[in-house]
Amino acid sequence: MMKKAKRGQVSLEFMLIFGIMLILLLYSVNNVTFREGSTSTETLRIQVSLEEKNLANAISNTISQVYAQGPGAKSTTYVRLTYLRDAGLLEKALNLESPRIFITYGNYSNDGNGTYVTVTGTGFNIVLSGGDKNIFWSRAMYQAVLYDNSSIWSPIGDITIGADTIYGLEIDPNDLPVTLKIVVEWNPDNPNSWTFDSTKGELRININPGG
């Protein structure tokens, strides 16, 4: 009788442990699949947003350094990218198809001027504020509005906000390098220009406050 009781107790403990392991396994699989509305999807979306904001900050800070130094100045910054260069992760995080990185420059209400970064694609709907915000802005010292000039950007893209067409860089995530090189200079002999070279993995910007 004693042996039977002990075996039953061991069997019960085994089933309990097995049940816990099964629950943990199911939770793990759910996380890995990034199912819409899951904790992992939300975490992924936050990571994408942080990287967008970091890229906007890096560009604006480099522009501010050059602007502060004056004509002839040049500065280079390197930004490591993980999420923005993975189209699959962007689709899962933002619930859109054929994602593209969109970068432009201009004013943000009365807060000044700076760099905008967002991810566009099929199903994209721009949200400027609140918890679902999907466009990120970083202020810079260079007071210019460039998003209304289609000649500045290469490769060019555009988004529509209300009745306005906003121009900027449109970059395929697959073309972005692990480490993006941002080169900003102030060459008074050249116009404002923003060019992304996928071969070099380089974003090159010229500012021209007088032009």
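Observations on the model:
- With K and R counted +1 and D and E -1, the other residues having a Cβ less than 13 Å from that of TYR147 yield a net charge of -4.
- Per residue accessible area of the stretch 39-206, 1.4 Å probe, in Å²: 47
- Contact order normalised by residue count of the stretch 81-211, Cα under 8 Å, 6+ apart, percent: 22
- Point-charge dipole on Cβ atoms (K/R +1, D/E -1) for the stretch 39-206, about Cα centre, debye to 20: 440
- Label-point separation, LEU50 to ALA163 (7 Å along Cα→Cβ), nm: 4.2
- For the stretch 126-179, fraction of C-alpha pairs farther apart than 18 Å, in %: 50
- Cut-off 19 Å (backbone N to label point 7 Å along Cα→Cβ of ASP132), residues of the stretch 37-71: 37-50
- Ordering 64-73, 178-187 by mean Cβ neighbour count within 10 Å, with the highest value first, yields 178-187, 64-73.
- Cα-Cα over 20 Å, subset of LYS53/LYS133; LYS92/LYS200; LYS133/LYS200: LYS92/LYS200; LYS133/LYS200
- Once you reduce the stretch 134-211 and the stretch 67-101 to the center of their Cα atoms, the two points are 11 Å from each other.
- The length gained by stretching the chain between LYS74 and TYR108 to full extension, at 0.36 nm per residue less their Cα-Cα distance, is 9.7 nm.
- More than 26 angstrom apart: percent of Cα pairs within the stretch 39-206: 23
- Probe 1.4 Å, all protein chains present, accessible-area order of TYR116, TYR167, largest first: TYR167, TYR116
- Heavy-atom accessible surface of PHE136, to the nearest 10 Å², is about 30 Å², with a 1.4 Å probe and all protein chains retained.
- Heavy-atom surface analysis with a 1.4 Å probe gives the stretch 82-211 a carbon and sulfur content of 41 percent of its accessible area.
The values are calculated or read from the model by the stated rules, or taken from the named source; none is laboratory data. Fair warning: this is a prediction, and the values are worked out from it, not measured in the lab. Because the Cβ atoms are built from the backbone with ideal geometry, glycine has one as well, and the counts that use them run over all protein chains shown. Protein only, heavy atoms only, side chains kept; ligands, DNA and RNA dropped before computing areas. Shrake-Rupley method; radii C 1.70, N 1.55, O 1.52, S 1.80 Å.
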